[in-house]
Structure formats: C-alpha cells, structure tokens
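The values are calculated or read from the model by the stated rules, or taken from the named source; none is laboratory data. Note that the coordinates shown come from a computational prediction; the quantities given were computed from them, not determined experimentally. Backbone-built Cβ (ideal geometry, glycine too); neighbour counts: all protein chains shown. Keep in mind that these areas ignore ligands, DNA and RNA; they rest on the heavy atoms of the full protein, side chains included. Shrake-Rupley method; radii C 1.70, N 1.55, O 1.52, S 1.80 Å.
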Amino acid sequence: MEVMPQYDLSRLPENTALKQQKLPAHRLDLSASVVLSIFFATGGFCLCMGVILILSAKSTKELEINYTNICANCAQLREDSSNFDKECTCSVPFYLPENMEGNVYMYYKLYGFHQNLYRYILSRSNRQLLGKDIWDVKDCSPFQVSRNSTPIIPCGAIANSIFNDTITLSYNLNSSIHIEVPMLKSGLAWWTDKYVKFQNPRASDLASAFAGSAKPLHWTKPVYELDTDDPGNNGFVNEDLIVWMRTAAFPTFKKLYRRLKRVDYFAVGLPAGNYSFNISYNFPVTVFRGEKSVVLSTLTWIGGGGLFLGLTYTVTGALTLLASFAILAIHLMLKRTKKNFL
Amino acid sequence: MEVDVRQMIHPTSEVERVVKANDRDYNEKFQYADNRIYTSKYNILTFLPINLFEQFQRVANAYFLFLLILQLIPEISSLTWFTTIVPLVLVISMTAVKDATDDYFRHKSDNQVNNRQSEVLINSKLQNEKWMNVKVGDIIKLENNQFVAADLLLLSSSEPHGLCYVETAELDGETNLKVRQALPVTSELGADISSLAKFDGIVICEAPNNKLEKFSGVLSWKDSKHTLSNQKIILRGCVLRNTRWCFGMVLFAGPDTKLMQNSGKTKFKRTSIDRLMNTLVIWIFGFLVCLGIILAVGNSIWESEFGGQFRTFLFWGEGEKSSLFSGFLTFWSYVIILNTLVPISLYVSVEVIRLGHSYFINWDRKMYYAAKAMPAEARTTTLNEELGQIEYIFSDKTGTLTQNIMTFKKCSINGRVYGEVLDDLGQKKEITKKKEGVDFSGKSQPERTLHFRDHSLMESIELGDPKVHEFLRLLALCHTVMSEEDSAGQLVYQVQSPDEGALVTAARNFGFIFKSRTPETITVEELGTPVTYQLLAFLDFSNIRKRMSVIVRNPEGQIKLYSKGADTILFEKLHPSNKDLLSLTSDHLNEFASAGLRTLAIAYRDLDDKYFKMWQEMLEDAKAATTERDERISGLYEEIERDLMLLGATAVEDKLQEGVIETITTLSLANIKIWILTGDKQETAINIGYACNVLTDAMDAVFVVTGNTAVEVRDELRKAKEILFGQNTSFSSGHVVYESKQQLELDLGADEAVTGEYALVINGHSLAHALESDVENDLLELACMCKTVVCCRVTPLQKAQVVELVKKHRNAVTLAIGDGANDVSMIKSAHIGIGISGQEGLQAVLASDYALAQFRYLQRLLLVHGRWSYYRMCKFLCYFFYKNFAFTLVHFWFAFFCGFSAQTVYDQWFITLFNIVYTSLPVLAMGIFDQDVSDQNSMDCPQLYEPGQLNLLFNKRRFFICVAHGIYTSLALFFIPYGSFYNLAGEDGQHIADYQSFAVTMATSLVIVVSVQIALDTSYWTVVNHVFIWGSVATYFFILLIMHSRSVFGIFPQQFPFVGNAWHSLSQKFVWLVVLLISVASVMPVVTFRFLKMCLYPSLSDQIRRWQKAQRKERPIRNRRPQSRSSSSRRSGYAFAHQEGYGELITSGKNMRAESPAPTSGLEKMLYNNTSWIENLCKKTTDVVSFNHDKTAKL
C-alpha cells in the first residue's frame, strides 16, 4: 500500500488488543482426548459415588409407623373441628427387630400436607417472631387478629396450623415395665433459626410481654406456655414451633420431633424389642385426606436420605461410561477411515 | 417523517400548485411547506411522552408494563413488584438515552442545513436569510458554487441567454454539468433588483412529486403564458457551476422539494433476527398461555379435590371461593411467574451486544482510511448481525466503485503503443513503477494529476513524428471542452464529460495546449507556438453516431476533418489503405480493453476546398429544410465522415477505488450477488462492470434489455430466459446480445441446466416498465438467476424500487452502498445502507446505517464484523433461550407439588437478580467477544460467510433445540432435588427438606449449570470471559451469603427471610452432591452431542480450526482465485459521460462569454432563425432518452 499522508491521527482508532479484537485468548476445543478423559473420569466418579451412597443408605435403619388409621377413633373425632378441646390419646405398639445404634432421631411425617402453598408460606410475620415488634401482624392474613380483634401471636396460617400431636416413646422391657425413652427437646432447630430468626421479646416475664394478644385459633394454649419447664424453649424460641415454621418444600415431609437422649439403656441407641408410641392425637389430617406417621431413624455421614440419590448417581455414571465408550469407538473408527483416506 | 409533516399541513393532497412571485401574503393562504426540513423526531417537551409512547408500542415493553400492572393486584400477585419494574425501568431508560442522543445529532444536522444563508429578495432589497426562512414565491439569488436552497424557477442569470450550469451529483450522481435556461422574457430581468422585485408572475404547476426529470407548469406574466419544462427548473441539492449568479423563484420548498421527496421515508429497520425474535416471543407467549391454562385447570381440580378441605383447615377465616375463580386467578399468577420465559433482559442484552459490535466496527484500524482520516462508523447500532447475512449488494458506481477520476493511460499511435506500464503479470516490464514518471515540468502548463510513465512518447514528440503530432493535435481540437483562465491566470478546462477532459489534458501535457475557442476558431498552443484553427463545422456526438468530428482549416489553409469515436463505428469508415494499421490498432484496442480501459479510435481526413464547399452548401440546405431535416443532416455527416485515415487509439482509465476488484471477487466467492445501479450511461456502466470484475469475459452471456414498452421489455426478458434455460439454442435476435455465441452454444449443448454465469444489463426506461407491470416477476426471475445485474440510467427512486423488489420477493437480506444523495432512497430501503463518507455531500452518510471511507472496507465489514456479529448473536440467543427455559420451567414442574398455588421455586430476589446479575455478564462477554475463527480466516475463506445467508445458526429449528435443551435441564434441575429431598434429613438429623433449602439448592444448581454451559459455549476465552464467568459464580455466592446474613435480616426481616439458609445448606455435603449430579446430568448429554456432531458432521469453521491446530506454525495460505482476464472482447464507448448538443452550444457560441453576443456566423443565424437551439437540444435529448431504438449494442 502506498504511504498515505496522515494529517489527522486523532481519529485513528487506538491499537489496543481490546479494540482490535485481538485479546489474548485460548480457544476451547473439544479435542477427543480431553473429552474422553473427562467422560471416563466423570463416569467413574459417579458410579463410585452411587455405590457408596447406596451402601450407606442401606446401612441406615429406619422405622416408620403410620398412625392415621391406627388411631381411627381419634381421627374421626378430629374431623369435626368443634371438638378441638377434647382430649384423645392412642397408643401404637410396635416391635423393633434390630438394635438402632448411634444417634436415633424421631420424626413426625405428614403426607399430603401442603406447607408450600403460596399464600400459606407468606402468612407469617418475621418481625413478630424476631421479638422486635410483636404486634406486627400485617403480613399474616387471614390470621391476623382473633374474632375480638386482638392481634394473634404468633400470627399467620403457618403458626395456626402447627403440628400439635404429642408423641412419647416407651420401651416395653417386658409386659409390665414400660420405660419412657428419654428424648431431647433441644437441638431440633437450626442454630440460626433458634438464635437469630426467632427471639422472644426482651421482658422478664413472657406472659406479661404477650398480654393483650390472642392465641392462634387452633392452639389450645398461648405461645408463652409452649414449654413452661424450660424458659429457653418457650415462647417464640420453642423448637417445635421453629421446626414447624420452617415450611417444607413438598406436601410429603418429615420434621424432626425429638432426639434420643443416649443414657442408661439407650446409651448405644435403641435396643431391639417392644416399644409403643403414646400419642396425644390432636392434629387432624383426614379432613384433607392426609396421613401422618412417626419415624425413627439413624443417620449416616451424609444425613438421612433415601436411595434416590445413590441410584441416580449410579445410573448417571453408567450412562456416562456408556457414552464414553461409544465416543471412543466412533473416534477410533473415524481415525482409521481418515488414515485409509490419506 | 418529512412526508408526515407535509400531510399534517395539507390534509388533502395537493393537486396543483399556484405560486405568485414576490407575494408572500398571496402564497400564505395555500399553506405550502416552508423551507425548513425536519429529520428529527422529538423536541425537549415532546421527547418523554412520544418516546415512551413509542417504546410501549413495542410488544415486549407493553407486555412487561402489563405484567407490572398485574403484579399490583394483590389477588394474583405471585411475585413482588420489584422483579419486573427494575429490569423494565432499566430497559426503558437505556433506550430513551439512546434515542435522545440519536435525535440530538439529527437536530444538529437539520440546524446546520436550515441555517445556511441565502440571498433573498425581500421588500425590493437583497437580504441574507437563513434557508429555513425562505418561502415559496420568494426570489433568491444564487452565486457560483452555491448549493441551491429550494426548487427554483430560473429567472435570469449572469450568462448570456439566461443560461446557467448546474451540477446534479447530489441528485442523480452524474458529475457532468447540466444546462438550464431561463425563459427569454424573464432572462431580460437580469440582475436588476427593482424589476425583479416588480416581477409578479404566477406559476401554476404540478404538485410536489419525486420525478427528477419531469416538470410541467405554466408561467402567466404580463398577460401571456409561457410553458415551463424541466429545463427551466433548478432543483434543491444542485450546485451552481460556471455561472457567476442567477436569480430564481422558489416553487417548492423544504419537504416539497424533489430532493426531499426522493429521499423516501425514514423506515425503522429491523434485522431478520429481530423479526424472528418477535415471532419466537409471540410463540413463547402462546406457550406461556398454554402453560397458564394447564396450571389453572390443575388449580381448579386441586381446589375442588383437596383445597376445599384444606382451606377450612388453613385459611379458616377465608370466605367461600369457587375453584373455577381460583383457577382464573391462578392463571394470571402463573403468567406473572413464568414471564421470565421471555426475559426483558433479552432485549437489553441484545442492544448491549450490538452496541459492542458497533464499537468494534468504529475501532477497527483495518477499516480506517488514513488519507482522509476517516474511520468506519456504525451509525446505527441495531443492525450489526444482519451484516453477516447479506445476499445482495446494490452498489452505486460513481464515487463508490470508481473515484470519478479519468486518467489518460495509454495510446496507440500509428501502430505503436505508448504508455505501457507495469503489468500485473509482470510481462511488460520496460517501465516499472519505480521509474520516475515523464517529467512534464518542462512544459508550460502541466497538469499534476497525470502520471504518464512512458518516455518514448515524449521522445517521439521531440523527434517530430508527424503522426504523433497529428494525433495530439486532434485531441486538442476535437472536443467540446471550454477553457477559461482562473484568477491566478491558470488555464482551467470546463469539461462536460470527464473522459474528454482526460484527453484534452493529456494533449496539453504533451505540448498541444488547447487555449481558447470562439464559435469559429480554436486556438491551440502547439509545442510553444500558438496556432489558430478556423472551425468550419462541428459534427456533434449522438448516441447513434457514437462519434464526433470537427472540420477545421489550419493556418496553412488545409481543411481537415478530425474524428474520434467508438472503434466499431469508426473502423467501418476507414480508407481501405488502412488495413494493416487497422488490424494492429485493433489488437492494441483489445489489449487496452482487457485492461479495463475505455477506448476511443482516432482518425482524420484531408478534405479539398471544393468538396468541402459543396458539402457545406448541402448542409446549410439541409438545415434550412422543413421536412426530413434530421435525416438529411445525418446523411451528410455520414457522407463526409468516410475514407478516414486511422491515427490510433486512446485508452482512458476510469479510476477504480482502491481494492474494488479484490473486494468484489471475495464477496462473490462468499456467494453475495452484486448489482450495480447507476445513473450513468449503459456503456459506462458496462465498462465499469468489466473493470471491476462484476462482468467478466468468462461469463456465458450478458443480456442487455433496452425495450421501451412493457411488451418489448417482457419479450426481451423472456427471450433471455429461454437462452438461460437452453430451450432455444438457435435463438438469435438483435434484442439480446451475448458475448461469445460459440461458447454459449457449447455450454448449452453440454449442460441443460443453468450452470453458467450470466449477467443482465437493463436501463432505466426498461426498468420502469419492468417494475410497474406484471413483467416484474420475469425480471426478478431472470435477474436472480444472473450472477450480476447492472442497471443504468436509473433514477434514485428506481434504485429504491429495485431494492424493494428483491427485498419483497426474494426474502433475502440486501445491502445498498453509495455516496451521493441519489443513493439515499436506496440506502434507506435496503436492509442495510452504507454510505461512503469523505465525499462532499453528506446525504448518503446521513441516511446510512454504516459509513465507510472506501468500498474495499466492505469486505472486512461483512466477512469479519458481520460474520462475527451474526455468529455471536446467534450463540447468544440460543444460550439465552436455553437459560430462561431452564430457569423458568421448574416453576411449572413445582406447580404439581404445591397445589398449583403459584408458589415460586426460588427466592424472589434470586428471580430479580438471576437475569440481570448472576448470568448476564458471561453471556454478554460471549456475545461480544466470541470468535470461532480468526478474522484472517474469515477473510481468506469467504465460504465461511454462507451459514449467515442460509440462516443456519439461529432459526426456528435451532430455537426448538434450545428450548428442548432448556426443558431437559429444567427437568433435571427439578426432579433430581425432588427425589433427593424426599424423605431427607440433614447431617445432624435436622429438617433440611424445607422450602428454603430447596430453593437455595435449586438456585445454586441452576447458577452452576448455566455457568458450566456458558463455559462450554464460549469458544474464545479472553480475560474478560474468565473474569465474568468466574466472577458471576462468585457474585452469586457472595450475594447469597449477604442476603442470608444476620445483619440484613435484622434490618429487613420480612424481605430477607432466608437468614442462615445459605450457610446451612451449603455446609451440607448432601446439597453439593445434588448440585454435582445435576450439573453432570445436564451437561454430559450436550457435550456428547456436540462432540459427535463435530466428529461426524464438522462445519467449515470446525474444519478450519482443526486444520489450524494441525499446523499451528504455518500461516494460512491465501486461496484467492487468480484474477484472470481474457482478452476476447473489446469494449469501446464513445466519450462515456457525453451528452449530445454541446456541439451546437459551441458553434452557436451561446456558452461563451463573448463581449458581443450578437450572432455573426451565418450558420448560427440560420440556426437561430430556424428553431431555438435549446428546443432542439431538448428534443434530441428526449429522443435519445426515450426512443432509443438502438437495441443492439455491441459491447
């Protein structure tokens, strides 16, 4: 090219890598060796992980007893909400064939209870539960105030529908000796929930702090009487309340109810034998065709889950390996034809 | 816009215009538009309402506004208000700022034009007035080299006979001067201000229209009526030349002027991707409504089956609500939730990416023209990806392909070639470029522009070779050039055709200087001695004659006829003794023509006195005749122009812009069809076609269509088509000309299908017929089968019509490139308009979407920038739709588990931020920076351009693949956590299958999956990509932890209820295993698919990448086709930009500033008495233009 007279260099674009689209870069190339090694590695890893997960899931012990229909009479009673103040208890005996070693957790499990309904989830007041402004009920529709217009504490649909069965487990050493299995009411909720999200109002006496409020409609006792024995577990920081307030993702869910206190007979866990659940049946489920059960379970390193994750890992791993072999075969084939061609 | 304004002023369209000179009050009642032009859309007050109104007219914006309103209804609100309003405000304000800046620049350019000064006759005084204040009926004074402010009726001028000269380059692209003449009655007014001020003629004329060549009207003044034609009118956009001053009366102003009427409507251009996107968005809306209906039905069923009982338990206080009504509400709730299928950020991101690409165009040093300090400029930022899909290029000729500089390159004198210079193939190396050019400094008045590099011609002149002298003398004598001395005493030639200018200048440089002329004499300075020739006759040029001659008597008393013309014509007139010279010269002509030069043959004849006198008498007789006058005259011309002695031939180069040939070759390799649309003559257009390789000798046939009626045109087109299909191999007709018949027959015999390369040449008049009737389809069919189409003598509007035709029927992306105001309408109607900047007029650039300094940059603009833009935009869109389907459809799956209650899967904040913060930057970086192959590769391998033309990278099929991919990912994303969370307990036994943990797990998985996906999609990892991809993931976790932190919760407990969740969930091994599994499950199939596709069906860019990898060290070899030009054809056209009639002007002396304009020559007297010469002129021009029976043009 001829040399041009350059009299106005100010308009010459800058010669920077960015402006000239010459930024140093590496190109992502799906070369056969890279793809294959990634595939084999991933496949192998997933397969191993799947096997490990399945094995550990198998090693957990779990026992679930659905007591919806075992306590049929109670269930019937609860179908009429006007009977809400009538007591109904029932006992569910069962046999534990093997020892449950280690930490044993007791859950209640609900079927078909939609804790994930949009308006249900919204119907709570975090400000109230934080103890800062306990009269803030504006988000709690439709459970903001009671019939006589006093604010409900704790307000909202979630709190109102709290799971209020009382379940105790007794170990029947023999036909006459029934030992109540010691259970812990603490350590059920997340640390942040218990110490950050839920706080009682700063007052010496909870009852006076909540004076002038109404209890939720379905509740039999006010919030400051949830656990009168333990002030650290009463009011908003009651762990059963906290656990319930952490709404479940799916209509079928289990929530931690009690932990085994590993003392005496139960130092290593639950020994095999005859047990019975003594249930104070308050929570109606048959009205919405739901079911409820109580679950005893041990945990592994990964927590207590089902086989699903392990199985999925195994399947994914297997498919990936299959794909790897297929790719390898195709690649080799192409390579050969190319060589022949050359 | 301009048209709109006019229509607002004249609600009923104007039929006839009545204008009274110097009477503003009278003219006011018609409410004609004044001379102010508006191209801007807003002013400060109207900006906000109009702009907002316009923006909400866009479907997407209106949709989001609608969503916003929906969200404000508490019954159906399923998202918080900020999830929609934040992006919407962002989009609206960004667009508004852009529109405002655009309009600001339009205001600026409008103001600049509107504030130009012109002298207006107001209250009997000449006053300086701004253009915008000029009114219809005003009389304005123009001076030399001024732009004409409005469409004027020429009243008087400084030149004799009320003549004036205008340059119409801005209007029709022709650079030769045109003559206008005032009515004799008005030209008497002269420069007398007082009588001009008293002028009160009334003009009744046609309504404003866009026909440049036509004007009809009547001037009534002093009880007499005078017919007005186009010859009396000076149009806005012209420049007054060679005329000291002139007065004119404004007939049309501002938006009514023919220039503005021709500029066409400003159309809002959309790319094909835009249109596809709009279609897809509508489909997605449809899909959304379907999903909404499904979910609403689900909700109704659920409510009646379970919800009823459930509600009494949970929503004890709530009144009765029918399940149908609940379903109805749910429908709207889900419309809100699922709106992210069409994220508003799509539109913002697309704009941002286009903006980035525009900047890359502006910044490209390889498109910077140093000579004019002109970088490329993307004036619109919305069309970039369409640059990668061009199928048709419509190019102007003058100033775009050519520089409009004619240079005398070579000549053949008496069988010897002079001016052989460096040849491309290096065959003739007697003279190399390094060798210094002929030193003209010894000559008295050298012209610096000429670079003639052969010294042998100088030597021959010095040796006194009589043939050489005669040759140069002829060049100095036989022409229509006018000379004048400028203020510095320099000789300046006023040329009417640049070709002639080149020849006369060449003669001047070699010592034969044309000095001056009078109607009867020509004075030439021959090697230092002034010689005056007596001009005896001037045998003017016409399209049929294709030659011109002068008959002069030299001082020695000899009478000579000098003739120059098209070789084909002239060779038939030669004396038989010239046989040997003829064949030699013919060879030379072939040689010149094959080098793309315009050739002329040169010959002379000695006449004896007696013969000439006889002839002259006969001629005068003929001219006085009333019947068959023209026939007799031309017969006499024929009679005297015979037995000529050949002198030689000249070769003039119409200089092409730099790199035009290479660019055109490369672009046609990229399967782009190039059409040349020019206002120039057919010969010129064809010649340039050959010169820049649009037409080649290797072509099987070049069809020339010159019919004058619709039927003729159709017949010609059909016949051409028959040839094309080879149905009639023996067909031969005068209508169609093909280059090498033998070759064509051979081809057709061997192959029946249309495989050869064909070209079509069509002129403006035929085009008018072809466009306006049912011939349209014939034309289109033929034109599209041809590799090249050349349209000549087309008006600006016809250029636009041609573009529209292709646009309408071919569904192809078109690009128009031009430099003058005559290209504006074409530039506006094509999908993409490109203006060549750096020329004098700015109209083309102002109307264009991209401004380039040189035609050759088009190659880089299309093949590199366009291709990349298209590639990037497609990748971006694919990914974007994928991402949003994956993101949004989980809500659909979740609906089946949450009682169709419109519960979202994610945290509201996540929904707000996902598209604008967490995932926007990596995909933007990909959309801006990604490269599949390097720019060098795209230039070297034009085939890479084809996927864009075929729309392969993003189309409906691709869209469905992306959607399927998105749906698959959403399934994996939802059901793997669902299965895993079912019956789950945390590591410490606590409840972690809660809604919040699920939301966090899903969100984290989603962010990671889409990040992995973008990492796979990004093929060109720059630092920016690294920063954005890793940065986005990091930002996600950072914001997550902050939003879930104690302090934020402490301040806004209701807005941030997820306190502690991130920390708790992310510390669970289980959650990470789920995330990992989702990533593997959703990415592996994609990788497998892509890898196999690359192995089995590699695309061209894949192959190039692979090939490059294989030989990293070697630089790619340019695989450009060698440009071979066979020398089988000869193309000669007489003085290409020539117009008939100048001979009369010269012999009559009307265009000369003679002190005494009184007619002296008998010839002139007779002419003057007979018919007005200018009427003659008009008649002849129209003859040539509209009744051109010369259909067989040998190319």
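The table that follows gives values for the structure above.
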{"read-out": "Some residue of the stretch B:414-424 being modelled with pLDDT under 80, open to solvent by 60 Å² or more (accessible area, probe 1.4 Å) and on the phi < 0 side of the Ramachandran plot", "value": "yes"}
{"read-out": "Selection from the stretch A:26-36 of residues that are modelled with pLDDT of 85 or more and buried (at least 16 other Cβ atoms within 10 Å of the Cβ)", "value": "A:Val35, A:Leu36"}
{"read-out": "Residue ranges of strands (runs of 3 or more DSSP E) in the stretch B:146-192 with at least 3 members modelled with pLDDT of 85 or more", "value": "B:151-157"}
{"read-out": "Residue that is nearest to the other protein chains (Cβ to nearest Cβ) [pool: residues in the stretch B:1095-1107 that are open to solvent by less than 50 Å² (accessible area, probe 1.4 Å) and without any contact (Cβ under 8 Å) to a residue 40 or more places away in the chain]", "value": "B:Cys1095"}
{"read-out": "Those residues of the stretch A:165-198 which are aromatic (Phe, Trp, Tyr) and within 12 Å of another protein chain (Cβ to nearest Cβ), in sequence order", "value": "A:Trp190, A:Trp191, A:Tyr195, A:Phe198"}
{"read-out": "B:Ala1110, sole failed condition from (1) within 21 Å of A:Leu332 (Cβ to Cβ); (2) touching a Ser or Thr at 6+ places or on another chain (Cβ under 9 Å); (3) more than 8 Å from chain A (Cβ to nearest Cβ)", "value": "(2)"}
{"read-out": "Residue match in the stretch A:323-330 (condition: open to solvent by less than 30 Å² (accessible area, probe 1.4 Å), closer than 30 Å to B:Trp302 by Cβ and within 9 Å of chain B (Cβ to nearest Cβ))", "value": "no"}
{"read-out": "Any hit, the stretch B:913-931, residues being within 14 Å of chain A (Cβ to nearest Cβ) and in a loop (DSSP other than H, G, I, E, B)", "value": "yes"}
{"read-out": "Subset of the stretch B:1003-1026 [touching a residue at least 12 places away in the same chain (Cβ under 8 Å) and β-branched (Val, Ile, Thr)]", "value": "B:Thr1004, B:Val1007, B:Ile1008, B:Val1009, B:Val1010, B:Val1012, B:Ile1014, B:Thr1018, B:Thr1022, B:Val1024"}
{"read-out": "Lone qualifier among B:Glu525, B:Glu556, B:Glu520 - being farther than 18 Å from B:Glu485 by Cα and touching a residue at least 40 places away in the same chain (Cβ under 8 Å)", "value": "B:Glu520"}
{"read-out": "Verdict on A:Leu110 being modelled with pLDDT of 90 or more and of a type in the set (A, V, I, L, M, F, W, C)", "value": "yes"}
{"read-out": "Residue within the stretch B:667-678 that is farther than 30 Å from B:Met785 by Cβ and either in contact with a helix residue (DSSP H, G or I) (Cβ under 6 Å, 6 or more places away or on another chain) or not in a strand (DSSP E or B) (or both) present", "value": "no"}
{"read-out": "Residues being open to solvent by 20 Å² or more (accessible area, probe 1.4 Å) and touching a strand residue (DSSP E or B) at 6+ places or on another chain (Cβ under 7 Å) - total across the stretch B:369-384", "value": "2"}
{"read-out": "Residues (within 11 Å of chain A (Cβ to nearest Cβ) and out of contact with any strand residue (DSSP E or B) (no Cβ under 7 Å at 6 or more places or on another chain)) located in the stretch B:1015-1047", "value": "B:Ala1015, B:Leu1016, B:Asp1017, B:Thr1018, B:Val1023, B:Val1024, B:Asn1025, B:His1026, B:His1044, B:Ser1045, B:Arg1046, B:Ser1047"}
{"read-out": "Qualifying residue in the stretch B:394-401 (condition: polar (S, T, N, Q), out of contact with any strand residue (DSSP E or B) (no Cβ under 6 Å at 6 or more places or on another chain) and in contact (Cβ under 8 Å) with a residue 24 or more places away in the chain)", "value": "no"}
{"read-out": "Residue satisfying condition, being assigned to a loop (DSSP other than H, G, I, E, B), under 22 Å from B:Val1059 (Cα atoms) and either touching a residue at least 40 places away in the same chain (Cβ under 8 Å) or away from chain B (no Cβ under 11 Å) (or both), within set A:Ile162, A:Ile158, A:Ile121", "value": "A:Ile162"}
{"read-out": "B:Leu1092 being in a helix (DSSP H, G or I), open to solvent by 10 Å² or more (accessible area, probe 1.4 Å) and either of a type in the set (Val, Ile, Thr) or closer than 30 Å to B:Trp868 by Cβ (or both)", "value": "yes"}
{"read-out": "Residue list for the stretch B:995-1052, restricted to those being open to solvent by less than 10 Å² (accessible area, probe 1.4 Å) and aromatic (Phe, Trp, Tyr)", "value": "B:Phe998, B:Tyr1036, B:Phe1049"}
{"read-out": "Enumeration of residues in the stretch B:209-259 that are under 27 Å from B:Val495 (Cα atoms), open to solvent by less than 10 Å² (accessible area, probe 1.4 Å) and among the aromatic types (Phe, Trp, Tyr)", "value": "B:Phe247"}
{"read-out": "Count - residues of the stretch A:130-151 that are within 8 Å of chain B (Cβ to nearest Cβ) and not in a loop (DSSP other than H, G, I, E, B)", "value": "0"}
{"read-out": "Test set (1) assigned to a loop (DSSP other than H, G, I, E, B); (2) open to solvent by less than 30 Å² (accessible area, probe 1.4 Å) - B:Ile544 fails condition number", "value": "(2)"}
{"read-out": "Number of positions in the stretch B:856-887 that are within 13 Å of chain A (Cβ to nearest Cβ) and surrounded by fewer than 23 Cβ atoms within 10 Å (Cβ to Cβ)", "value": "3"}
{"read-out": "Residue that is most open to solvent (accessible area, probe 1.4 Å) [pool: residues in the stretch A:37-49 that are at the interface with chain B (Cβ under 9 Å from one of its Cβ atoms) and in contact with a Ser or Thr (Cβ under 7 Å, 6 or more places away or on another chain)]", "value": "A:Thr42"}
{"read-out": "Matching residues, the stretch B:958-980, being without any contact (Cβ under 8 Å) to a residue 24 or more places away in the chain and facing chain A (nearest Cβ under 7 Å)", "value": "B:Gly979"}
{"read-out": "Which listed residue is open to solvent by 30 Å² or more (accessible area, probe 1.4 Å) and within 11 Å of chain A (Cβ to nearest Cβ), from B:Asn955, B:Asn983, B:Asn951", "value": "B:Asn983"}
{"read-out": "Sole exception among (1) in a helix (DSSP H, G or I); (2) touching a residue at least 24 places away in the same chain (Cβ under 8 Å); (3) β-branched (Val, Ile, Thr); (4) more than 30 Å from B:Asn339 (Cβ to Cβ) for B:Val19, by number", "value": "(1)"}
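Per-residue answers, yes or no, for (1) within 13 Å of another protein chain (Cβ to nearest Cβ); (2) touching a residue at least 24 places away in the same chain (Cβ under 8 Å); (3) in a strand (DSSP E or B):
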{"position": "A:Tyr275", "(1), (2), (3)": "no, yes, yes"}
{"position": "A:Asn278", "(1), (2), (3)": "no, yes, yes"}
{"position": "A:Pro284", "(1), (2), (3)": "yes, yes, no"}
{"position": "A:Val287", "(1), (2), (3)": "yes, yes, no"}
{"position": "A:Leu296", "(1), (2), (3)": "yes, yes, yes"}
{"position": "A:Gly306", "(1), (2), (3)": "yes, yes, no"}
{"position": "A:Gly310", "(1), (2), (3)": "yes, yes, no"}
{"position": "A:Gly317", "(1), (2), (3)": "yes, yes, no"}
